[in-house]
1. How do the pairs read when you match residues in region 5-18 that are basic (Lys, Arg) with residues anywhere that are not in a loop (DSSP other than H, G, I, E, B), using Cβ under 6 Å and keeping only pairs 6 or more apart or on different chains?
2. In region 8-44, which residue that is β-branched (Val, Ile, Thr) and assigned to a helix (DSSP H, G or I) is modelled with the highest pLDDT?
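The values are calculated or read from the model by the stated rules, or taken from the named source; none is laboratory data. These numbers come from a predicted model, not from an experiment. Because the Cβ atoms are built from the backbone with ideal geometry, glycine has one as well, and the counts that use them run over all protein chains shown.
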Amino acid sequence: MNKAFYTCKKCDFEWHSEDGMTCPICRKKTNYETLPEFAKGGMFGTGGNPKRLKQYYKAIGLIALVYLIYYLLGG
């Protein structure tokens, strides 16, 4: 009897049997570990290397704050 769906025992993800016998999410996690360090920063600093991306957001926030203060003071 062929099951139509499988459920991963590690991450509880459910996938169709046509996608393969291994969990696509866990398979992607193992491929993620082989990426270079600069490619591991996720959106809004949620990836494996968030330091550089967080610095960019701080810089953009600081520039926006200075512009807002300048605008509010009538400049």
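1. Pairs found: LYS10/CYS26.
2. Only one residue tops the list, namely ILE25.
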